[in-house]
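S.K.: Structure below; questions to follow.
None of the figures in this text is laboratory data; all of them are computed from the coordinates on show. What you see is a predicted model, and the numbers here were worked out from it, not measured in a lab. Cβ coordinates were reconstructed from backbone atoms using ideal geometry, including for glycine residues, and neighbour counts include every protein chain displayed.
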Amino acid sequence: MDPAFASGPCYDCMMNMPADESEWKARLTDEQYRVLRAKGTEAPFTGKMLAEKRTGTFNCAACGTALFPSNAKFESGTGWPSFDQAISGAVEFIPDESLDTKRTEVVCANCKSHLGHIFDDGPSESGKRYCINSVCLGFSPEA
């Protein structure tokens, strides 16, 4: 996968969208495909975006869409990057009753890739905690 694509802005997301899952497999690493497209979960405390502290924007690793501003990130202690808000229109929510629990899945609004889940236990005024797999994220530092 082209590292610049995963960490850069969505300059032409729709024109570069894979047509099928075989194209997604060719574009993404095995771990990215397992989490983003097959709705997996990475091991906690293993992702490089967990420690990312620079000012900028977190992007979808699959299509480059801007998802979360860096000032929305907080330390939740869960082992996955956590945010209290997403960029307006960047994500969609899907009811998830897998694993015999009721949760809400968060997906990229552009490419529909799985990002993680949202919970109502965040520490900020929003009360939200977007618990996002690090492997699903790229990062664009502020210039």
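S.K.: Report, largest value first, the span of the C-alpha coordinates of the chain along each principal axis, in whole Å.
M.R.: Ordered largest first, the chain gives principal extents of 42, 37, 28 Å.
S.K.: Mind giving me the nanometre distance, one decimal, between the label points for Glu125 and Glu21, set 7 Å out from Cα along Cα→Cβ?
M.R.: 4.4
S.K.: To one decimal place, what orientation-averaged projected area in nm² is obtained for the convex hull of the Cα set of region 74-138? Display every interim value, and only then the final one.
M.R.: Values: hull surface 18.8 nm².
Projected over every direction and averaged, the Cα hull of region 74-138 covers 4.7 nm².
S.K.: Pick from Ser98, Ser124, Ser22: which residue has the top mean-square fluctuation in a GNM of the chain where Cα pairs under 10 Å get a spring?
M.R.: Ser98
S.K.: Still on this structure, please answer the following. Comparing Arg34, Arg129, Arg54, which has the greatest mean-square fluctuation in the GNM of the chain with Cα pairs linked when under 10 Å apart?
M.R.: Its mean-square fluctuation being the largest, the pick is Arg54.
S.K.: Among Glu31, Glu42, Glu23, which one shows the highest mean-square fluctuation when the chain is modelled as a Gaussian network with alpha-carbon springs under 10 Å?
M.R.: Checking each option, the largest mean-square fluctuation is seen for Glu23.
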